[in-house]
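Data block below; observations after.
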Amino acid sequence: MTGASARARRLPNIPATRPEPITTPELAPGATIGILGGGQLGRMLALAASLLGFKCHIYCPDPQSPAFQVSDAYTVAAYDDEAALAAFAEAVDVVTYEFENVPEETARFLESRMTLRPGSHPLAITQDRLVEKNFLSSIGIPLAPFAAVDGPDDIAAAVDVTGLPAILKTRRMGYDGKGQTRIDSLDDTQAAWERIGKAPAVLEGVVDFALECSVIAARSTDGETAAYDIAENKHHNHILKWSHVPASLSQETQDAARALGAKVTEALDYVGVLAVELFVVRDHDGERLIANEIAPRVHNSGHWTQDGCLVSQFEQHIRAVVGWPLGSAERRADVVMENLIGADAEHWPDIIKEPAARLHLYGKAEIRPGRKMGHVNRLK
Ligand code: AMP
């Protein structure tokens, strides 16, 4: 199914036929950006794109996608529907994605026809925790000790590397604490393997962190990089609940985290915005950063930038994807971002009365426990 206004409209300066090999030029306002994924991140990308005069066409299998409400066009189809993907590719001028589990084959299919930014390569790396860890380690980014686990009998040897306690995580499709389980004793290995669904996994040492933070970094088609101030993140039931900016970290650690984010974008030859989730360990030597994972997309812990910066992470991503120079990532205010999860969203009548709060709701019809319904940025 395709939205009523699905046909792409191009300004005269955008060629209707694409050159081979594809080197998408800088796009002008009026061009259409295709977005794979229709959740709140796609919605906020589409909103940011529309402020710059771009149109968005969302591709998502879920007919209730929140991004459809604010987009020029949409396609409801499966990610392996090649006919729908080919029509989508025809209708847009560049494609990006808003979630990291877009199948790699889908990304490659589109990439063979047009420009996909970021490309399929960052997806392939970040979809597999083991590949991602090997990549981060290869570019010198510190990680918790880890070892591959392909079956329950591998766990004891992996524990020799990680020590106990450790966390067993599926290599693929884990998010918000799903697909992972803690192991405190070698007696628990068989049960732990069953708890994660007997899937190929990685065992990693538990990090005794002082706090969790993240860096949101961007890279343009010209290789220019920018990183936002570091957000200090607090989770509730494995879901991000609060991001505080500035983080309660030394300036040195914040600079190191921003440099780390930029380094990851360079090593991936990335175009767009990504997040690196980090643990901060404090010991007698001071503060140390340990990377947890990369999200190859705009990120919940970057929502504060919508009201704390001149150019939000969403606009920054759009700028990169259309081949524009990056905008200013400078922070203009101290911000606390609160996620509105499940019934939290019912507090909107109080939130709109707060003078320094900005409410962002995602247009989801049904409140469900654990569902991200919106967020509020409170300027301090
Ligand atoms: P993840 O799905 O890898 O992002 O993990 C979700 C959350 O679990 C993280 O935000 C941490 O709070 C916690 N966690 C994950 N891995 C570790 C680890 N190696 N050590 C300590 N806590 C962890």
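The values are calculated or read from the model by the stated rules, or taken from the named source; none is laboratory data. Here the structure is a predicted model, which means the values were calculated and not measured. Note that each Cβ is placed from the backbone with ideal geometry, even for glycine, and that neighbours are counted across all protein chains shown. Quick note on the areas: whole protein, heavy atoms, side chains included, nothing else; ligands and nucleic acids left out. Shrake-Rupley method; radii C 1.70, N 1.55, O 1.52, S 1.80 Å.
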Length gained if GLU346 through LEU51 is fully extended, taking 0.36 nm per residue and subtracting the Cα-Cα distance, is 103.4 nm
Solvent-accessible area, 1.4 Å probe, carbon plus sulfur percent, for the chain: 51
With just the Cα atoms defining each centre, how far is segment 42-64 from segment 297-367? Give it in Å. 15
Express in nm, to one decimal, how much length is gained between VAL206 and ASP62 on full extension, taking 0.36 nm for each residue of separation and deducting their alpha carbon distance. 48.2 nm
Of ALA199, GLY370, ALA357, which is farthest along the charge dipole of the chain in the positive direction, counting Lys and Arg as +1 and Asp and Glu as -1 at C-beta? ALA357
What does the helix-only formula give at 222 nm for the chain: each DSSP H stretch with n ≥ 4 adding -39500 (n - 2.57), the total divided by the residues, and the result rounded to the nearest 500 deg cm²/dmol? -7000 deg cm²/dmol
With an 8 Å Cα cut-off and a minimum separation of 6 or more residues, compute the relative contact order for the chain in percent. 14
In the chain, if the dipole is taken from +1 on Lys/Arg beta carbons and -1 on Asp/Glu beta carbons about the Cα centre, which of ILE230, LEU249, VAL321 is farthest to the positive end? VAL321
Angle between the Cα long axis of helix 40-51 and the longest principal axis of the chain, 0 to 90 degrees, nearest 10? 40
Restricting segment 286-380 to GluC sites (Glu not before Pro) in coil, as DSSP defines it, with at most 12 other Cβ within 10 Å: GLU330, GLU366
To the nearest 10 degrees, how steep is helix 251-267 against the longest Cα principal axis of the chain, on a 0 to 90 scale? 60
Return the single residue from ILE155, ILE216, ILE33 with maximal mean-square fluctuation; model: Gaussian network over the chain, springs between Cα atoms under 10 Å. ILE155
How much accessible area per residue does the chain have, in Å², with a 1.4 Å probe? 42
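If I take all pairs of Cα atoms in the chain, what percentage of them are more than 35 Å from each other?
25
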What do you get for the angle between helix 82-91 and the principal long axis of the chain? Use alpha-carbon atoms, 0 to 90 degrees, nearest ten. 60
Most fluctuating residue of ALA148, ALA199, ALA157 in a GNM of the chain with Cα springs under 10 Å: which is it? ALA157
Can you pick out the pairs among LYS178/LYS198; LYS133/LYS169; LYS234/LYS364; LYS169/LYS198; LYS241/LYS372 whose Cα atoms lie more than 21 Å from each other? LYS234/LYS364
In whole Hz, the Karplus estimates of ³J(HN,Hα) for segment 287-295 (6.51, -1.76, 1.60; θ = phi - 60°; x where Gly or Pro) are 9, 10, 9, 10, 6, 9, 7, 9, 10
Relative contact order for segment 145-205: what percent, with Cα pairs under 8 Å and sequence separation of 6 or more? 48
Mean separation of Cα contacts under 8 Å, 6 or more apart, over the residue count of segment 32-126: relative contact order %: 29
Hey, rough spin-label estimate for ARG182 and SER250, points 7 angstrom out along Cα→Cβ, what's it come to in nanometres? 2.9
Of CYS56, CYS213, CYS309, the most mobile residue in a GNM of the chain (C-alpha springs, cutoff 10 Å) is CYS309
For segment 134-151, in residue order, the Karplus 3J(HN,Hα) values (coefficients 6.51, -1.76, 1.60; θ = phi - 60°; whole Hz; Gly and Pro = x) are 5, 5, 4, 5, 5, 9, x, 8, x, 9, 5, x, 9, 8, 6, 10, 9, x
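Charges at C-beta only: +1 for Lys and Arg, -1 for Asp and Glu. How large is the resulting dipole of the chain about its Cα centre, in Debye rounded to 20?
Computed about the Cα centre, the dipole is about 1180 debye.
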